[in-house]
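S.K.: Supplied in structure tokens, the structure appears directly below.
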Amino acid sequence: MDANPSSVTTMLAEPSTVVAALADVVYAKTAQGRLEVARRSAGLGARQRSVLIMLDGHKTAGALATLMPAAQLTRILVELVELGLIAPVTASGTAPANDDARLAPVKAMMIRTAETCLGLIAADLVRQIGAAGDEHQLQRAIGHWHMAMQDSKYGREVVATHLELIKAALQSPASVPA
């Protein structure tokens, strides 16, 4: 194999970071997602359909990470969110008081990725993300999170994928448990 060592390191580092960031993210089928399971009308591939079926509003995405490569799982999750078939929910299935239902899982994902990729440097950023009370404040925090992740050794490897998940989650309607 003619792979250069740095690309091999990137391939090895990314899945564990992605899995760590997705470990506690819970996705549930939307009403449209439940219809897709019954009707098979969206033309999903076999892996996409399998992931859609397995997401039940209780199982974390991290639980699915053992079934396929993390990068592939992340791509499928982004696609399903963009299609409106799934949406992130908190682990308890509810959003904290005073929090938009779409913001809580996004904040949780951002905090996990910041802590995983940035370590102790993430403390101020985590406070800013946690304090965001509305989408406008969260957008500001997303900008700071994105810059910090881009500047970090491990964050730059996964920031684009996570940013896509964040954008998709903020654009999707609140999820309905499966």
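The values are calculated or read from the model by the stated rules, or taken from the named source; none is laboratory data. Note that the coordinates shown come from a computational prediction; the quantities given were computed from them, not determined experimentally. Positions of Cβ are generated from backbone atoms using ideal geometry, with glycine treated the same way; all protein chains shown enter the neighbour counts. To get the accessible areas, we keep the full protein, side chains included, count just its heavy atoms, and leave off ligands, DNA and RNA. Shrake-Rupley method; radii C 1.70, N 1.55, O 1.52, S 1.80 Å.
S.K.: Would you rank 39, 112 by solvent-accessible area, highest first, keeping every protein chain in place and using a 1.4 Å probe?
M.R.: Final ranking, largest accessible area leading: 39, 112.
S.K.: Can I ask one more? Cross-link candidates for residue 29: which lysines have Cα within less than 16 Å, leaving aside residues fewer than 8 places away along the same chain?
M.R.: 59
S.K.: Now, a different point. Can you list the lysines whose alpha carbon is less than 24 Å from that of residue 153, not counting same-chain residues fewer than 8 positions off?
M.R.: In chain and number order, the partners are 107, 167.
S.K.: Can you tell me the order of 155-167, 73-85 when each peptide is scored by its average per-residue count of other Cβ atoms within 10 angstrom, highest first?
M.R.: So the peptides 155-167, 73-85, ranked by packing, come out 73-85, 155-167.
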